[in-house]
Amino acid sequence: MTVFLLLLSTSLMAQLDQFHAGQVIKDYGKIAEVKGMEALPDGARFKVVFDVSKAAEPGGVNRSLDSVARFINMHVASGVSLERIDIAVVVHGKAVFDMVSNELYQTKNHDLNHNTPLIKALSEKGVSFRVCGQSATYYEVTTTDLLPNVKMALSAMTAHALLQQQGYSLNPF
């Protein structure tokens, strides 16, 4: 059994070694080269909305937000210019706490909000963030509690409907 676990552990480490930092969001969203992949169409454009409802574990980074960084990094690495990638993030449920200042975050989680640098880096690359006003109200989060560049929407449903009208597709992951 010990040998099996050692082999499994070694195999997993080898797989993780295939992932590396991307060139756009360097500290987040590690990517792997995919050999033999279908080529992306010339002039590909992405208008994608990510739905985030699950909060990060205290002391950690929200995996869904890290996926946004990975989406950007892997597409730029595959030849899509950053100017052809438009990303919106709609946040609801307990994930609203990942979008708040360290002061409020610490009162709830007794730790710093480790999502702050990732949200800042994504915002600097044009990613927009909308927090569900219904969830925020439920959790007593106000617009003054939100991190810079994070907007309050009437609801997550409203934000998704408006983004869909603007041509955004929903990322299912």
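List of remarks:
- Measuring between alpha carbons in the structure, the pairs from Lys125/Lys151; Lys26/Lys94; Lys108/Lys151; Lys94/Lys151; Lys35/Lys125; Lys26/Lys54 lying more than 19 angstrom apart are Lys26/Lys94; Lys108/Lys151; Lys35/Lys125; Lys26/Lys54.
- Here the chain is treated with +1 on each Lys and Arg Cβ and -1 on each Asp and Glu Cβ, and its dipole about the Cα centre works out to around 220 debye.
- Spatial separation of Cα centroids for the range 31-74 and the range 137-173, in angstrom: 18
- 222 nm mean residue ellipticity, helices alone, for the chain (DSSP H n ≥ 4; -39,500 (n - 2.57); rounded to 500): -11000 deg cm²/dmol
- Amide H contacts of Val49: Ala88, Ser169, Leu170, Asn171, each under 5 Å away and 5 or more positions distant or on a separate chain (H built 1.01 Å from N in the peptide plane; Pro and chain starts excluded).
- 3J(HN,Hα) along the range 42-55: 4, x, 4, 10, 10, 10, 10, 10, 9, 9, 10, 10, 9, 6 Hz, from the Karplus curve 6.51 cos²θ - 1.76 cosθ + 1.60 with θ = phi - 60°, whole Hz, x for Gly and Pro.
- Here semi-axes √(5λ) of the Cα gyration tensor in Å was calculated from the structure, and among [x] 29, 20, 15; [y] 29, 24, 14; [z] 25, 20, 15 it sits at label [y].
- In nm, spacing of pseudo-spin labels at Thr107 and Phe173 (7 Å Cα→C-beta vector): 3.7
- Net +/- balance of residues flanking Gly126 in space, Cβ distance below 10 Å, scoring K and R +1, D and E -1: -2
- For the range 67-173, GluC sites (Glu not before Pro) are listed when DSSP marks them as loop and at most 13 other Cβ atoms sit within 10 Å of their Cβ; the list is Glu140.
Here, each number is a calculation from the coordinates, and none is a lab measurement. For clarity, every value in this text was computed on a predicted model and none was experimentally measured. No Cβ is skipped: glycine too gets one built from the backbone with ideal geometry, and neighbour counts run over all protein chains shown.
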